Amino acid sequence: MKSLSAHRRITVKIGSALLVDRTTGIKRDWLAGLCDDIAALAGKGCEVLVVSSGAIALGRNILGLGRRALKLEESQAAAAAGQIALAGAWAEELARVGLKSGQVLVTLGDTEERRRYLNARATISTLLKLGAVPVINENDTVATSEIRYGDNDRLAARVATMMGADLLVLLSDIDGLYTAPPALDPDARFIASVEAITPEIEAMAGAAASELSRGGMRTKLDAGKIATAAGTAMIITSGLRRNPLAAIDAGERATWFQASANPVRGYKTWIAGQLEPAGRISVDAGAVRALEQGKSLLPAGVTLVSGQFSRGDTVAILGPDGLEVARGLVEYDAADAVKIAGLKTTEIERALGYQARGAMIHRDDLVMSRISKKDEVHADDA
């Protein structure tokens, strides 16, 4: 666990509840303290990217929408009003400490579709080369499914891996991961270090903490799986302090998630980070063993195909226990995949009526998701 300034590139995600007060809007003093921290890191040669929530929460105040549940069009209107104020506040505070900034609005599709992913990466890379701090937010003015389900935790992980950051910091209203939600369980123990995000770790997650925040601990662990698989370490810590990044180096409580010792790189980083698979393919135990040995997925090992997907889409591969084993780009449309499920390679042509590929998913287009070795976590009872 090295100091923040020892990292080459850091992505910092800020939750809405930290940045926006329900009645007064932007928490200027808090934002000023965070920008002081960013400037200190920049002065030591570290590049910082910001993924900032807050547009919808801020827009609620601007448009007088209160705390009630919003209709989709109201959320989009709130985002439109809030984005202007949010970007302005970041620009002013970063300029105060001598830093330039640039706003980048993205949607889920901008990181899921390969060409748009590369375009977004090029834009953010250019901002960094020009010495600007990219301030990134989900484009909620045009998003639909993202507003109902999206969260900036996973977006931050996607941005971190896309940009090759070696650290992702999730600032939240909780100081790290506990064995259970501490607000509900007084005996919950703090977890100081996580080597791998296993199903046991995921079981510790709770729900969102307030109506201003769309993400809870579960989405943070989802973010952690995306980040650590690509070689990006992650920290979850409290952002309630005025200088939350400096507090990490000062030894304040935080949960560190270690990056994978064998991270996926390049093209496979994009595959591994896909948030919404187009379908699911269930396989038998023999197929799981073959995948773990670096082999392609053959139709013979497939037990069930679900979803409507086309050739080239990302699908999730599930083991006999129903848990995700891997993700990959499928070689067949869903209808044909159903026809050849369970068949030997020599039987594919007869089933489809044409000569086709032997693999359902080729190993070059496949990334393992499951941790196969026994991993440990270190609990701190203090």
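Values quoted throughout were computed directly from the atomic coordinates according to the rules given, and no laboratory measurement underlies them. Since the structure is predicted, the reported quantities are computational estimates derived from the model, not experimental observations. Using ideal geometry, Cβ is built from the backbone for each residue, glycine included, and neighbour counts are taken over all protein chains shown.
Here are the numbers for this structure:
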{"item": "Estimated distance in nm for a label pair at Glu92 and Lys339, the labels positioned 7 Å out from Cα along Cα-to-Cβ", "result": "6.3"}
{"item": "FRET efficiency, 1/(1 + (r/R0)^6) with R0 35 Å, evaluated for Leu184 and Asp249 via beta carbons", "result": "0.70"}
{"item": "His362/Glu202 FRET efficiency (R0 25 Å; Cβ-Cβ; nearest 0.05)", "result": "0.30"}
{"item": "Theoretical gain in end-to-end length, Arg68 to Ile84 [0.36 nm per residue, Cα-Cα removed]", "result": "3.5 nm"}
{"item": "Net lengthening on full extension, Ala6/Thr23 (0.36 nm per residue, minus Cα-Cα)", "result": "2.3 nm"}
{"item": "Cα gyration tensor shape for region 283-352, rounded if a/c is under 1.5, else prolate or oblate", "result": "oblate"}
{"item": "Percentage relative contact order, the chain, counting C-alpha pairs under 8 Å, at least six apart", "result": "15"}
{"item": "Least to most buried among Tyr354, Tyr267, Tyr332 (fewest other Cβ within 10 Å first)", "result": "Tyr354, Tyr267, Tyr332"}
{"item": "Per-residue [θ]222 nm for the chain (sum of -39500 (n - 2.57) over DSSP H runs n ≥ 4, rounded to 500)", "result": "-10500 deg cm²/dmol"}
{"item": "Relative contact order of region 277-368, pairs being alpha-carbon contacts under 8 Å that are 6 or more residues apart, as %", "result": "34"}
{"item": "Region 211-354 - convex hull of the alpha-carbon atoms, volume per residue in Å³", "result": "147"}
{"item": "Span-like helix ranges in the chain, DSSP H, alpha carbon extent 27 angstrom or more, Kyte mean at least -1.0", "result": "72-96"}
{"item": "Calculated FRET value between Asp284 and Asn119, using beta carbons and R₀ = 41 Å, to 0.05", "result": "0.55"}
{"item": "Pairs from Lys2/Lys100; Lys100/Lys225; Lys27/Lys100; Lys225/Lys339 whose Cα-Cα separation, in the structure shown, is over 29 Å", "result": "Lys100/Lys225; Lys225/Lys339"}
{"item": "Long-range amide H partners of Gly342 with built H, under 5 Å", "result": "Ala300, Gly301, Val302"}
